[in-house]
Amino acid sequence: MINEKVRNIMNEQIKHELESYYVYLSMAAWFHSQDLDGMGHWMRVQAHEETIHAMKFFDHITDRDGTVGLLDLKQEKTAWTSAEEIWKDAYAHEQFITSKIHAIMTVVRKEGDFSAEPMLNWFVNEQIEEELNTQKIWKQCQTMGKTKEGLFMLDRELAARIFPAGSPFDPLAYQQPAGV
Ligand code: FEO
């Protein structure tokens, strides 16, 4: 059975991951409104990934006989003035999420919850990638994104991001029922 302190902080993390979904979906909407559809697509994939993260915590609590209690979501910003500002915010957001994951690890270690560590280690590694991706694009935006041509080139590159394997949006993950 899951320790109550660990359950509470993981339950809180479900909210942060779902708020991340909201943040990235808002960013996608802004990019689409600016005809930066490649960046919009990238953000939609990112938003979807966040729901997978939320569900990892959801399943971990549930699998260990804990009860999830979904919390209210906050959305702090829905408008931006440039693509560069969005990527800067996305990087800052991932740094914030990293701090939350590390805070969970601190509780898990303090409580001696060895069952939670392997799953949390996945998030510790994932956050390295999450920060790297957003920081890299932010930097690219600061250089090649300074001109309209450069920004559209970057936009086209980001259109190539694919949905993660196993996602309901991944056509390869879809198994047609027998006899249909
Ligand atoms: Fe779930 Fe982007 O961290």
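The values are calculated or read from the model by the stated rules, or taken from the named source; none is laboratory data. Every value quoted in this text rests on a predicted model; they were computed, and no experiment measured them. As a convention, Cβ positions derive from the backbone with ideal geometry for all residues, glycine included, and neighbour counts pool all protein chains shown. Please note that ligands, DNA and RNA were not included when accessible areas were found on the heavy atoms of the full protein model with its side chains. Shrake-Rupley method; radii C 1.70, N 1.55, O 1.52, S 1.80 Å.
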Using the structure shown, decide if residue 78 is surrounded by fewer than 20 Cβ atoms within 10 Å (Cβ to Cβ), modelled with pLDDT of 95 or more and β-branched (Val, Ile, Thr). no
Is there any pair with a first residue in the stretch 119-131 that is of a type in the set (Asp, Glu) and a second that is open to solvent by 40 Å² or more (accessible area, probe 1.4 Å) whose Cβ atoms are under 8 Å apart and which are 6 or more apart or on different chains, and what are they? 131/95
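Condition first: more than 11 Å from the ligand (Cβ to nearest atom), among the β-branched types (Val, Ile, Thr) and touching a Ser or Thr at 6+ places or on another chain (Cβ under 6 Å). Can you find one or more residues in the stretch 73-83 that meet it?
Start the filter on the stretch 73-83 by keeping residues that are more than 11 Å from the ligand (Cβ to nearest atom), which leaves 73-83.
Applying the additional criterion that residues be among the β-branched types (Val, Ile, Thr) yields 78, 81.
Those still in the list that are touching a Ser or Thr at 6+ places or on another chain (Cβ under 6 Å) too: 78.
The answer is yes, given that some residue of the stretch 73-83 is more than 11 Å from the ligand (Cβ to nearest atom), among the β-branched types (Val, Ile, Thr) and touching a Ser or Thr at 6+ places or on another chain (Cβ under 6 Å).
Would you call residue 94 open to solvent by 40 Å² or more (accessible area, probe 1.4 Å), charged (D, E, K, R), within 16 Å of the ligand (Cβ to nearest atom) and more than 19 Å from residue 37 (Cβ to Cβ)?
Values: open to solvent by 40 Å² or more (accessible area, probe 1.4 Å): no; charged (D, E, K, R): yes; within 16 Å of the ligand (Cβ to nearest atom): yes; more than 19 Å from residue 37 (Cβ to Cβ): yes.
Judged against the criteria, residue 94 is not a match.
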Tally, over the stretch 101-147, of residues that are farther than 30 Å from residue 64 by Cα and either within 16 Å of the ligand (Cβ to nearest atom) or open to solvent by less than 30 Å² (accessible area, probe 1.4 Å) (or both): 9
Quick one: in the stretch 45-98, which of the residues that are within 12 Å of residue 13 (Cα to Cα) and of a type in the set (S, T, N, Q) is nearest to the chain's Cα centre (by Cα)? 51
Within the stretch 28-72, which residues are part of a loop (DSSP other than H, G, I, E, B), of a type in the set (Lys, Arg) and either within 14 Å of the ligand (Cβ to nearest atom) or buried (at least 19 other Cβ atoms within 10 Å of the Cβ) (or both)? none
Can you confirm whether the stretch 22-41 contains a residue that is of a type in the set (Phe, Trp, Tyr) and within 23 Å of residue 121 (Cβ to Cβ)? no
